1. So how many residues does segment 103-125 have that are modelled with pLDDT under 95 and more than 21 Å from Glu37 (Cα to Cα)?
2. Looking for whichever is at pLDDT 95 or above and loosely packed, with under 14 Cβ neighbours inside 10 Å here; the options are Ala95, Ala137. Which one fits?
3. Picking from Phe120, Phe79, Phe74, which residue would you name as being touching a Leu at 6+ places or on another chain (Cβ under 6 Å) and either of a type in the set (Asp, Glu) or surrounded by 15 or more Cβ atoms within 10 Å (Cβ to Cβ) (or both)?
4. Just to verify a result, which residue in segment 54-71, among those that are surrounded by 14 or more Cβ atoms within 10 Å (Cβ to Cβ) and under 28 Å from Gln8 (Cβ atoms), is modelled with the lowest pLDDT?
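The values are calculated or read from the model by the stated rules, or taken from the named source; none is laboratory data. Computed from a predicted model, the values in this text were never measured in an experiment. All Cβ positions, glycine included, derive from the backbone under ideal geometry; neighbour counts span all protein chains shown.
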Amino acid sequence: LDCDSVSQVLDSIEEKLDGEDKVKGRYKGQVMARLFEEEASPEAYGIRLPADWKGHIPEGFLLQPVQSTDYLVFQHGPFDFEKEADQVYDKLQEAMDTFSYQEVDFVPDISPGRLVYFYFDPDLYAKYLLPIQAKHA
């Protein structure tokens, strides 16, 4: 499936934690993610759902539980998706790339099963979440 087709399927799923049900074509609450594994780091596109969600999983999609952990959140306010999406993504990426871990007591956690993800509702925010763990002494 191409990105637009995937977005349409994700738009059709109700009870998502972010965005609004019944809103089509605005990418509300959609997630782009990278799952850390032993020898690979596959990318995913999806939505966040309640842990007890019992809805229908569309063909070709899967429901991936996410382990509980602490996250460092980089956030941008409302933006025009059509005009500013690339710039917002670049600003968040720059903030992540230049963040000084020397001044805090944690580091990124890229252990297997951890998920770094970017999600957004253009009328409200764009967020990049990076799993973290305490620094080893």
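1. 7
2. On inspection, the qualifying residue turns out to be Ala95.
3. Phe74
4. Across segment 54-71, the extreme among qualifying residues is Val66.
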